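See structure below.
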Amino acid sequence: MQVEQLQQSLDVSFNERCLNAAHNLELLAEKKQVQKELSEKKERLTATMRSQEAAFAREDHLRGRFPDLVLAYNNLEDYSNELHEEVQQLYYQLHPNDAPGAAEAEGGVVLADGGEPDADFEEEAAPMHVPGIESRGGSDVSEIASDTES
């Protein structure tokens, strides 16, 4: 009887060990899958961080060029205005009757409605103003930099 109990106890222990071994294999397979997923996520995170660093570097480069580009734009706008004035002067040299003040010298212009010409008829375009940038000379980009960093 004692032998039978020991045999029965041995069989139960053996069955438990088999079940535990099968469970251990399942856990090892699950661990391997989780490690694989973790590795893939780390790779994606690394790629995302590299991409972000490249974007920040590009943004810094472009922010560094911005004041120079605004200054160049303002200089070109000034030069364009000077050329426009020169073109007007040359035009009026070729067509003196079209020059401002030529109508008053000839006795004036009579409008159809009998009134005077509007003073604001020919409006001059306002120069472009970029906040934090002076048109001539230096530039101050401290406001721009602080606005974008916040």
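For the residue pair Leu6 and Met49, what label-to-label distance in nm results when each label sits 7 Å from Cα along the Cα-to-beta-carbon direction?
6.1 nm
Output ³J(HN,Hα) for segment 55-64: one whole-Hz value per residue in order, computed from phi by the Karplus curve 6.51 cos²θ - 1.76 cosθ + 1.60 with θ = phi - 60°, and x for Gly and Pro.
With coefficients 6.51, -1.76 and 1.60, one gets 5, 5, 4, 5, 4, 4, 4, 5, 5, x Hz.
Taking the Cβ of Glu37 as the center, what net charge do the other residues with Cβ under 12 Å away carry, scoring Lys and Arg +1 and Asp and Glu -1? Walk me through the intermediate numbers first.
Working: positive: Lys31, Lys32, Lys36, Lys41, Lys42, Arg44; negative: Glu30, Glu40, Glu43.
Overall, the nearby charge balance is +3.
Once you have the Kirkwood Rh of segment 51-105 from its Cα pairs, apply Stokes-Einstein at 25 °C and 0.890 mPa s and quote D in µm²/s.
Approximately 166 µm²/s, per Stokes-Einstein.
Pull up all non-local amide H partners of Ala99: gap of 5 or more, or a different chain, and H-to-H distance under 5 Å with H placed in the peptide plane.
For Ala99, no residues qualify.
Coordinate-derived values only; no laboratory data. Everything quoted here is computed from the prediction, not taken from an experiment. Every residue, glycine as well, gets a Cβ built from its backbone with ideal geometry; the counts of neighbours run over all protein chains shown.
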